[in-house]
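Structure first, commentary second.
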Amino acid sequence: MDATTPITTRLDAVTLETLDRLAERYDRSRSWLVAQAVRQFVEREAEMLAIIEEGERSAREEPLISHEEMKKLIAAKRAELRSKHDKATA
């Protein structure tokens, strides 16, 4: 496993209480659950940023596509991300 670095965060009482219930239910530490949540958020946001950056590059360099084509591309990307998420959590 990669080396880890401790960080500090503040949570409201309700979120902390829910986190504690989840930690107990899954027999995991708060730290493990928070690390999982952050990892998933970072991966999802990094992928979305890559999509946005590719769209910006494409808009500058390539002909634009129709709204319908874009909706299909977004739906396909969402399905791909859901599949990755499902595999990661299985």
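Brief remarks on what is shown
- Ellipsoid semi-axes in whole angstrom, largest first, where each is sqrt(5λ) of the Cα gyration tensor of the chain: 36, 15, 13
- Helix axis angle, 13-26 relative to the chain longest principal axis, alpha carbon, degrees: 80
- Crossing angle, helix 67-89 versus the chain [Cα axis fit, 0-90 degrees, rounded to tens]: 30
- Sites matching trypsin sites (Lys or Arg not before Pro) across the chain that sit in DSSP coil, with at most 14 neighbouring C-beta atoms within 10 Å: R10, R28
- Judged by the gyration tensor of its Cα atoms, with axes a ≥ b ≥ c, region 38-90 is oblate; a/c meets the 1.5 cut and b/c is at least as large as a/b.
- For A90, net neighbour charge (Lys/Arg +1, Asp/Glu -1) across residues whose Cβ lies under 14 Å away: +2
- Gain on full stretching of the segment that runs from R44 to A59 - 0.36 nm per residue minus C-alpha separation: 3.2 nm
- Angle between the chain longest axis and helix 30-61 axis [Cα atoms, degrees, rounded to 10]: 10
- Paramagnetic reach from S83 (point 7 Å along Cα→Cβ, amide N under 20 Å) across region 39-53: 43-52
We did not get these values from a lab; they are worked out from the coordinates using the rules stated. The model shown is predicted, which means the values in this text are computed figures rather than measured ones. Note that we place each Cβ from the backbone using ideal geometry, even for glycine, and neighbour counts take in every protein chain shown.
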